[in-house]
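Q: Take this structure first; my questions come after.
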Amino acid sequence: MFNRKKFVSNVTRHLHRRQTSPHTVSYADIRLYPTTAGFLYFLCIIGLFLLGINYQNNFVLIICCIMMAVIPFALLDTYRNLRDLRLEAMPTDRFFAGQSVRFRLHVDSDKTHYAVKITPTDEQAIEEFHDILNGGSEIGITFHPDSRGYLKSGGYAITSVYPLGIFCAHCVIDFGQQTLIYPRQLTGLYHLSEAASEKSSRVSHSSSSVKGMDELAGLRPYRQGEPLSLVAWKQLALQRGLMAKDFTATVDDNEYLDIDQIAGSLEEKLSVMTYACMQLTSANMVFGLKLGSDILPPSQGAEHCTKVLEKLALYGK
């Protein structure tokens, strides 16, 4: 019995090759094969042909010829439905383990494409079906990763059986997309500790003036994602634009999130540290990271938060 899904999987592996973004689908990318309905259609033509020849029935032979005449038009239209799709890989957002991750492709085309199905080459991904695609559309595949680390999109097997369902046009697009999945956030107890190397060498403690929440230093343009408590509401009321308060504080520059100071398994520790990193960043606090012998110096801000999350995601990998 013909197994179409297994056949498509084998064809996909055979055609799988890396493309550069953006990429326009051409005749060289497309492969065509009959669908299950197509095989039945051909059997019907053969049956009618034998029936017409055996009984010398011209009417049956005319029907057989009409059915055969449909084949080249269906073949060409199915090809055309995938040709000229211009695909471009879009950047991925920041994701944590347990969240839905969607790799996206931007579709740009001068014509409309119908009944397009996206079949991921990775069996863990979720299939998508798009009835109509035209310029400015978006397609993609979705994953539900349970673990941290790099996640690769794999290839996109793009298929269509439009217009008659007799043939299936098939092409494989792989831009090598990947994203780093951070550990899931887990609420837990944590505290900032001093690095052992700094404890032993600390005779007189030095402090540094950094951005904090003690003394107002001035105003600056508001950056999206910052806490609303930093917004200078009086300036906004005076129609001077959205400004944020800039504070300075004298803080110790030797406080770290230490994996050895958190209880639980390795993944639980990393999850608690991820939660702590997000909380400390939201509070605009200065902190470092200590993962065994790997130490990230104390700092603050979104860029430092990203560095911490990357180290947590790749620790032990």
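Coordinate-derived values only; no laboratory data. Quantities reported herein were computed from a predicted structural model and do not represent experimental measurements. Note that each Cβ is placed from the backbone with ideal geometry, even for glycine, and that neighbours are counted across all protein chains shown.
Q: How far apart, in nm, are the 7 Å Cα→Cβ label points at residue 39 and residue 112?
A: Placing both labels 7 Å beyond Cα along the Cβ direction yields 3.3 nm.
Q: Further, regarding this structure: Per q in 0.12, 0.16, 0.17 Å⁻¹, report the Debye log10 I(q)/I(0) for region 4-182, using one uniform scatterer on each alpha carbon and no solvent.
A: Log10 I(q)/I(0), no solvent term: -0.62, -0.94, -1.03.
Q: Can you tell me which of 257-263, 60-66 comes out highest on packing, and rank the rest after it, using the mean Cβ neighbours within 10 Å?
A: Numbers: 257-263: 16.9, 60-66: 15.3.
Going by the mean number of other Cβ atoms within 10 Å, highest first, we get 257-263, 60-66.
Q: Show me the ranking of peptides 112-119, 26-33 by mean Cβ neighbours inside 10 Å, starting with the highest. Mind showing how you got there, number by number?
A: Values: 112-119: 18.1, 26-33: 14.5.
Most protected by this proxy first, the peptides run 112-119, 26-33.
Q: Between residue 68 and residue 228, what is 0.36 nm times their sequence separation minus the Cα-Cα distance? Round to one decimal in nm. Intermediate values should be presented prior to the final figure.
A: Details: separation 160, 0.36 × 160 = 57.60 nm, distance 6.90 nm.
Between residue 68 and residue 228, full extension yields an extra 50.7 nm.
Q: Separate question: With an 8 Å cut-off on Cα pairs and a minimum separation of 6 or more residues, tell me the relative contact order of region 58-152 in percent. Before the final figure, lay out the partial values.
A: Values: 141 pairs, mean separation 24.6, N = 95.
That works out to 26 percent.
Q: Please list 182-189, 89-96 highest first by mean number of surrounding beta-carbon atoms within 10 Å per residue. Can you show the working numbers first?
A: Values: 182-189: 17.5, 89-96: 15.0.
Going by the mean number of other Cβ atoms within 10 Å, highest first, we get 182-189, 89-96.
Q: Now, a different point. At 7 Å along the Cα-to-beta-carbon direction for both residue 53 and residue 302, put a label point, then send me their distance in nm to one decimal.
A: Output for this residue pair reads 7.2 nm.
Q: So, with +1 on the Cβ of K and R and -1 on the Cβ of D and E, and no other charges, what is the size of the charge dipole of region 86-196 about its Cα centre, to the nearest 20 debye? Kindly include the intermediate steps, with their values, before the conclusion.
A: Values: 9 positive and 13 negative charges, 19 e Å.
Dipole of region 86-196, to the nearest 20 debye: 80 debye.
Q: Further, regarding this structure: Looking at region 78-131, which GluC sites (Glu not before Pro) are in a loop (DSSP not H, G, I, E or B) and have at most 16 other Cβ atoms within 10 Å?
A: Working: sites: 88, 123, 127, 128; in loops: 123, 127.
Within region 78-131, the qualifying GluC sites (Glu not before Pro) (loop, at most 16 other Cβ atoms within 10 Å) are 123, 127.
Q: Also, quick follow-up: Work out how far the C-alpha atoms of region 267-316 reach from end to end along every principal axis, then list the three figures in whole Å, largest first.
A: 28, 20, 13
Q: Continuing with this model, one more query. Can you give the extra length, in nm with one decimal, that the chain gains between residue 20 and residue 282 once fully stretched, where that is 0.36 nm per residue apart less the Cα-Cα distance? Mind showing how you got there, number by number?
A: On the way: separation 262, 0.36 × 262 = 94.32 nm, distance 3.77 nm.
That pair, residue 20 and residue 282, stretches by 90.5 nm at full extension.
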